[in-house]
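Input: a single structure, listed below in structure tokens.
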Amino acid sequence: MTTTTALILLGLALAVVAGLGAYAVTLWREVKRRRDFREEELRRAHENCLENLELVASALMQQQVDITEGAWRCKTLLEILDPSLIERPEFRAFGEVHSRTRHLHTHSARQALSPKARFHEDRERLAVEDELRDAVLEAAGAVVSFRRGWPGSLH
């Protein structure tokens with residue numbers, strides 16, 4: 001192999017390595033851009049979830065929503081944020097209402113019930129609401145306090 005051939009092959013090898021290096025940098029930047037985008041989306045989703053949680057909790061406290069519906073919504077939103085949140089003592093009332101009413105029919109299934117069956121379910125739901133009303137309203141107040149302390153919260 002002549003010196004000229006060796007230099008040409010070395011030049012080609014360096015060009016290939018430089019090209020691959022440039023491509024690797026481009027890929028690295030794309031991965032970083034996508035990761036940043038995903039993190040921003042997650043942050044916005046959490047912020048949106050927190051806003052919705054605060055709205056539902058406030059509606060509960062102002063008695064603009066049924067105890068059962070508000071508790072279910074708060075439980076779901078807390079679980080979206082962090083599944084362990086519903087286990088906190090201040091939020092357990094939401095889970096209690098859910099566990100005691102989840103067997104009740106909703107929407108079209110409720111409409112399909114006979115009036116007597118619907119009345120029976122309404123009595124059952126109202127009994128749970130009467131029993132847990134104070135605990136749920138207290139939990140709703142804890143949600144509002146929690147919302148203000150959430151990391152990254154705009155409040």
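The values are calculated or read from the model by the stated rules, or taken from the named source; none is laboratory data. Owing to the predicted nature of the structure, the values given are computational and were not obtained by experimental measurement. Here Cβ is always computed from backbone atoms with ideal geometry, including for glycine, and neighbour counts include all displayed protein chains. Calculation scope for accessible area: heavy atoms of the full protein, side chains included, ligands and nucleic acids excluded. Shrake-Rupley method; radii C 1.70, N 1.55, O 1.52, S 1.80 Å.
Restricting the range 127-151 to residues that are small (Gly, Ala, Ser) and more than 14 Å from Lys75 (Cβ to Cβ) leaves a set whose member that is most open to solvent (accessible area, probe 1.4 Å) is Ser145. Of the candidates Thr106, Thr101, the single residue that is free of Cβ contacts under 8 Å to residues at least 40 places away in the same chain, closer than 16 Å to Ala135 by Cβ and not charged (D, E, K, R) is Thr101. Report yes if some residue within the range 118-132 is in contact with a Phe, Trp or Tyr (Cβ under 9 Å, 6 or more places away or on another chain) and at pLDDT 90 or above; otherwise report no. Scanning the range 118-132, I find no residue that is in contact with a Phe, Trp or Tyr (Cβ under 9 Å, 6 or more places away or on another chain) and at pLDDT 90 or above, so the answer is no.
Scanning the range 133-155 for residues that are modelled with pLDDT under 95 and of a type in the set (D, E, K, R), we see that the one that is nearest to Thr101 (Cα to Cα) is Arg147.
Among helices (runs of 4 or more DSSP H) lying entirely in the range 1-118, which contain 1 or more residues that are closer than 30 Å to Gly149 by Cα and open to solvent by 100 Å² or more (accessible area, probe 1.4 Å)? Write out each step before concluding.
Values: elements: 3-61, 67-81, 92-101, 107-111.
Output list reads 3-61, 67-81, 92-101.
Among the conditions (1) without any contact (Cβ under 8 Å) to a residue 60 or more places away in the chain; (2) under 18 Å from Leu132 (Cβ atoms); (3) charged (D, E, K, R), the only one that Asp66 does not satisfy is (1).
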